[in-house]
1. Taking the Cα centre of the stretch 241-288 as origin, work out the dipole magnitude from +1 charges on Lys and Arg Cβ and -1 charges on Asp and Glu Cβ, in debye rounded to 20.
2. Could you work out [θ]222 nm for the chain from helices alone, using -39500 (n - 2.57) per DSSP H run of at least four and dividing by all its residues? Round to the nearest 500 deg cm²/dmol.
3. Using a 7 Å offset from the Cα along the Cα-to-Cβ direction at both TYR115 and SER250, what is the distance between the two label points in nm, to one decimal?
4. Would you pull out the residues with amide H under 5 Å of THR257's amide H, same chain only if 5 or more places away, H placed 1.01 Å from N?
5. Please give the contour-minus-distance gain from LYS125 to LEU200: 0.36 nm per residue of separation, less the Cα-Cα distance, rounded to one decimal in nm.
6. Please state the shape class of the stretch 42-124: rounded when a/c is under 1.5, otherwise prolate if a/b exceeds b/c and oblate if not, all from the C-alpha gyration tensor.
7. Filter LYS44/LYS120; LYS166/LYS224; LYS78/LYS231; LYS44/LYS295; LYS74/LYS164 down to the pairs with a C-alpha to C-alpha distance above 19 Å, please.
8. First select every other residue whose beta carbon is under 14 angstrom from the beta carbon of ASN118; then total the charges, Lys and Arg +1, Asp and Glu -1.
Amino acid sequence: MASVAAITRALLSKNVINTGRFAAASNTSLIKFYSTAPEYENIKVDIVGAKKNVGLIQLNRPKALNALCNALFKELGKVVIDFDADEKISAIVITGNEKAFAAGADIKEMQNNNYSSNAKIGFLKEWEDISNCGKPIIAAVNGFALGGGCELAMLCDIIYAGEKAKFGQPEINIGTIPGAGGTQRLPRYVGKSKAMEIVLTGNFIDALEAEKMGLVSRVFPVEKLLEETIKLAERIGTHSPLIVKLAKQSVNQAYETTLKSGLQYEKSIFYGTFATEDRKEGMSAFVEKRPPNFKNN
């Protein structure tokens, strides 16, 4: 049986990531509603859901297993910013194809980088466009989510996975470490010991193990993953957009502060909701036993 290091080399080598020589073609037969705006070369974008309130982004470099090149991430960041500013969009879904969510960074692109150039250009700064988004982002992960692909999934607020998904941080096999949050977010998901094991060995974990660890919220059959993820986004979209944004901010605060400070932050946000019409409408609708009519104010 091939070692993890050998498999990683195959996935991350220039023969796969950079030329797609051995990569399978994208199977998007289960994804029937994408439209591609002409300005995007590395992603596909659509608005889906019964109420057309879910922004859907598909990473689209199938020959490179959706390797995360700079051009792809700039396009991804632009679309996320646009969706975040669009009042009609309640939540965002990011997905790949059945073969790969994203099988890592584009190694050929970064191979000749050095410390000085990385620091000068702020290498990976575009990733902040994802983490700064105020609306919920859900990752729908099929296939490989390795290195930067795993880090991108962890940047999202919720991860749903297909049953054949594989997660990992194999950077150690190519002489570096995770650089877009892998050593910081992974311990917050799975704990120090498991994170150390994953980062120091480069081992992959499957979807069920990832769910057991707490990295993944739920696991679905491959053909049901995107449908279920969109359903989740639609469910979130039934709530007040303002309150959803505040709730996301409050949960994220738990990872960035002490418990005492976090509880104080939560309470201040909770008090603040009582100044909104949506809070008044939500409680009135509950008492009156009717659906709420949120207006986002």
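Each reported figure results from applying straightforward, stated rules to the coordinates on display, with no laboratory input. Predicted model, so just to flag it, every value in this text is computed and none were measured. Here Cβ is always computed from backbone atoms with ideal geometry, including for glycine, and neighbour counts include all displayed protein chains.
1. 200
2. Helix contribution divided over all residues of the chain: -12500 deg cm²/dmol.
3. It works out to 4.4 nm between the two label points.
4. Residues meeting the criterion, in which the H sits 1.01 Å from N, do not exist here.
5. This chain segment gains 24.5 nm when fully extended.
6. Details: a/c = 3.97, a/b = 1.69, b/c = 2.35.
The shape class here is oblate.
7. Beyond 19 Å: LYS44/LYS120; LYS78/LYS231; LYS44/LYS295; LYS74/LYS164.
8. Numbers: positive: LYS120, LYS125; negative: GLU109, GLU126.
Charge balance near ASN118 sits at 0.
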